[in-house]
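Heads up, the thing below is written out as structure tokens.
The values are calculated or read from the model by the stated rules, or taken from the named source; none is laboratory data. Just so it is clear, the structure is predicted and the values come from calculations on it, not from any experiment. Heads up, the Cβs are rebuilt from the backbone with ideal geometry, glycines too, and the neighbour counts pull from every protein chain shown.
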Amino acid sequence: MAVNVKAGDQAARGPRETRGDRTRAAIVEAATARFAQEGYDATTLADVAAEAGVSGPSVAFHFGSKDGLLAAVMDRHFSTLLPGVEAAAGSPGTPRERLQAFMAFWVRSHEGAFDLFSVFATQGGWRQIDSESGQAIRDGYRKVNAVLDRLIDDMKSEGSVREEASTRLVRDSLLGASEWVMRGRLHSSRRPDYDRVARELLEIVIDGAGAPAGPPPDEDRLEAIEEKIDRLLTNQDRKTR
């Protein structure tokens, strides 16, 4: 009976972590740090192995190549990020409030990770469609984009965003603006107010940066203006005679 209880407990906990799992996790952790500090091109598998405390061949055995290792780093980053993305998008409130919660989480997630994002964006073989890292970063952003697209479409449904506006363009504008705003504050001594940054991003991208246009003049006002113009023209005509 005791054996069955232990077996049940083990099943509830999920698969037991193996030595290989721990080695892979240590290598990915070391690679994340090295790529962020030194850049992808300057980092060697030997550097990563030394940082992780494993043998050089062990890295190649588990990941095949440096591009495969970068793909694993990307997979781990997005796997860590996505639960927070989903939680923010599913928070209580209106579609706009949920979008603001998403953006606040998104800009906060960039803190301390710009060097790694730079590696994702500019280095490695991810730009090659058939590379492992290319597939990994596209899969990661595809999941983030799907969540953000749902929020934007919800705002369209409630009338906060024009129906004819491109969901993709709105999404890319929000993500791109957030990256540049946070990059500009990277070396600031003051920690950003993430909620304020998110709110202002929505005000600029969703509402527009210009002052709101006033209501169109009503018919009575237009008629009064026309009458005034007619009187001015009549008086001017009399003076010229």
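Okay, here's what the table says:
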| quantity | calculated |
| --- | --- |
| Within the range 29-53, tally of residues that are hydrophobic (A, V, I, L, M, F, W, C) and over 12 Å from LEU116 (Cβ atoms) | 8 |
| Test set (1) farther than 16 Å from GLU132 by Cα; (2) modelled with pLDDT under 90; (3) assigned to a loop (DSSP other than H, G, I, E, B) - GLY20 fails condition number | (3) |
| Tally, over the range 16-44, of residues that are among the β-branched types (Val, Ile, Thr) and farther than 15 Å from ARG76 by Cβ | 3 |
| Selection from the range 32-44 of residues that are part of a loop (DSSP other than H, G, I, E, B) and closer than 15 Å to SER65 by Cβ | TYR40, ASP41, THR43, THR44 |
| Any hit, the range 80-96, residues being in a helix (DSSP H, G or I), hydroxyl-bearing (Ser, Thr, Tyr), without any contact (Cβ under 8 Å) to a residue 24 or more places away in the chain and not assigned by TED's automatic domain parsing to the domain that holds ALA42 | yes |
| Every residue from the range 64-78 that is touching a Ser or Thr at 6+ places or on another chain (Cβ under 9 Å) and loosely packed, with under 15 Cβ neighbours inside 10 Å | none |
| Index of the failed condition, PHE61 passing every other in (1) crowded, with 17+ Cβ neighbours inside 10 Å; (2) assigned to a helix (DSSP H, G or I); (3) modelled with pLDDT of 90 or more | (1) |
| Test for ALA25: is it in a helix (DSSP H, G or I), out of contact with any Lys or Arg (no Cβ under 9 Å at 6 or more places or on another chain) and either of a type in the set (A, V, I, L, M, F, W, C) or at pLDDT below 75 (or both) | no |
| ASP47 being farther than 20 Å from SER79 by Cβ, in a helix (DSSP H, G or I) and out of contact with any Ser or Thr (no Cβ under 7 Å at 6 or more places or on another chain) | yes |
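To keep it simple, each residue is scored yes or no on (1) polar (S, T, N, Q); (2) under 19 Å from the mean Cα position of the chain (by Cα).
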residue: ALA31; (1), (2): no, no
residue: THR44; (1), (2): yes, no
residue: ALA60; (1), (2): no, no
residue: GLY68; (1), (2): no, no
residue: ASP75; (1), (2): no, yes
residue: THR80; (1), (2): yes, yes
